[in-house]
Amino acid sequence: QAKHAGRGCYSYYQQALEQQTNHKNTIRQALKQAIANNQLSLVYQPQIGSDDRLYGAEALVRWHDDELGFVSPAEFIPIAEESGLIHQLGDWVIQKSLSDLIIWQQLGMRVGHLSINVSPWQFALSGFADRLIELVQVKGLQAKHICIELTESSLLTDLKETIAKLNKLRAYGFRVALDDFGTGYSSLAYLRDLPIDILKIDKAFIDELEQYQSSPLTESMIAIGQHMSLDVVAEGVESANQVEKLKALGCDVYQGYYFSKPLTEQQFRVWLSHHNQQQEGIDSRPT
Ligand code: C2E
Ligand code: MG
Ligand code: MG
Ligand code: MG
């Protein structure tokens with residue numbers, strides 16, 4: 001009896017594991033199809049400067065599957081990374097977002113810069129910088145209008161190699177943002193050596209501004225960015241109260257639902273024209 005129950009427990013555990021593996025396999029297969037059939041899409045989330053002007057827009061990938069429904073990138077990006085699909089996916093994101101940037105430029109829209117998330121696996125490829133430079137050249141774009149977002153984990157495996165790559169990209173004109181700052185496990189020492197332009201403070205620390213009386217970590221991270229002459233972007237800003245506090249702390253740029261959710265390319269155009277009209281209204285007000 002006891003033996004039987006024990007086996008039962010074991011197989012229950014094993015079953016759960018198998019289910020998880022099956023689920024991952026399902027996602028991997030469906031994602032492969034989605035990439036091949038051009039079923040991914042991009043949305044853009046505005047980044048707003050403390051002067052209320054558009055500082056940039058971050059491209060975020062979206063996937064709707066007929067059977068699985070909307071799958072979050074937080075779920076499928078890690079699976080794409082494990083299975084190697086991230087290279088095709090990442091390449092598609094770069095190509096598609098650059099095409100959208102061309103549309104905006106042709107329409108005379110000033111979007112600041114386009115910010116693209118780059119996976120550690122993409123960045124680790126030795127040809128990454130050359131490929132990006134080539135795409136930008138072929139499309140007739142200027143690198144200064146493009147920012148790549150990297151997380152700490154992608155930068156620290158081989159610091160020397162990373163620095164060389166970043167220098168190459170920045171020499172060509174690209175901007176580089178350190179994404180999800182504060183959530184990694186690394187020490188602060190590397191920050192001094194990394195050639196970057198922008199520090200993106202993770203949402204977890206922006207939440208801190210609302211939750212606690214004092215927010216020493218958030219304050220310190222903003223101060224670090226300022227001392228290093230980096231632009232500091234706050235991620236996941238959801239309230240006017242947070243904006244007020246961030247402004248007082250000297251944070252330059254805000255991104256979050258308070259200003260706008262991520263928008264389709266067309267929604268983004270409409271949003272920007274409304275935003276610009278509002279701006280003009282404010283600018284032309286008698287003082
Ligand atoms: P991330 O790069 O840190 O992007 C910010 C995430 O926060 C996005 O989630 C965005 O929709 C969400 N967000 C923005 N403002 C708010 C807010 O005010 N409140 C809340 N609750 N959330 C907010 P999303 O689009 O689900 O993406 C999740 C992560 O997936 C991204 O985090 C990024 O690491 C990854 N990802 C998304 N698109 C791509 C891509 O094209 N390539 C790669 N490699 N990774 C991507
Ligand atoms: Mg990002
Ligand atoms: Mg982020
Ligand atoms: Mg994040």
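The values are calculated or read from the model by the stated rules, or taken from the named source; none is laboratory data. Just so we're clear, the structure is a prediction, and the values are computed from it rather than from any experiment. All Cβ positions, even for glycine, are placed from backbone atoms using ideal geometry, and neighbour counts span all protein chains on display. For the accessible areas, the whole protein counts, side chains as well, though only heavy atoms, and no ligand, DNA or RNA atoms are used. Shrake-Rupley method; radii C 1.70, N 1.55, O 1.52, S 1.80 Å.
Checking Glu152 against (1) modelled with pLDDT of 95 or more; (2) among the charged types (D, E, K, R); (3) open to solvent by less than 60 Å² (accessible area, probe 1.4 Å); (4) within 14 Å of ligand 1 (Cβ to nearest atom), only one condition comes out false. Which one?
(1)
What number of residues within the range 123-167 satisfy the criterion of being farther than 23 Å from Ile102 by Cα, in contact (Cβ under 8 Å) with a residue 24 or more places away in the chain and more than 16 Å from ligand 4 (Cβ to nearest atom)?
11
I'd like to know if the range 164-182 contains one or more residues that are aliphatic (A, V, I, L, M) and over 23 Å from Ala57 (Cβ atoms).
Looking for residues that are aliphatic (A, V, I, L, M) and over 23 Å from Ala57 (Cβ atoms), one finds at least one in the range 164-182, hence yes.
Quick check on my filter: what residues within the range 217-246 are within 15 Å of Tyr55 (Cα to Cα) and not aliphatic (A, V, I, L, M)?
Scanning the range 217-246 gives Asp231, Glu235.
If I ask for residues that are touching a residue at least 60 places away in the same chain (Cβ under 8 Å), open to solvent by 20 Å² or more (accessible area, probe 1.4 Å) and under 22 Å from Ile148 (Cα atoms), which ones from the range 232-258 would you list?
Answer for the range 232-258, where residues must be touching a residue at least 60 places away in the same chain (Cβ under 8 Å), open to solvent by 20 Å² or more (accessible area, probe 1.4 Å) and under 22 Å from Ile148 (Cα atoms): just Asp252.
So which pairs qualify, if the first residue must be in the range 177-193 and under 19 Å from Glu235 (Cα atoms), the second must be assigned to a helix (DSSP H, G or I) and open to solvent by 50 Å² or more (accessible area, probe 1.4 Å), the Cβ gap must be under 8 Å, and the two must be at least 6 apart or on different chains?
Partner pairs satisfying both residue conditions: Gly182/Ala204; Gly182/Leu217; Thr183/Ala204; Gly184/Ser153.
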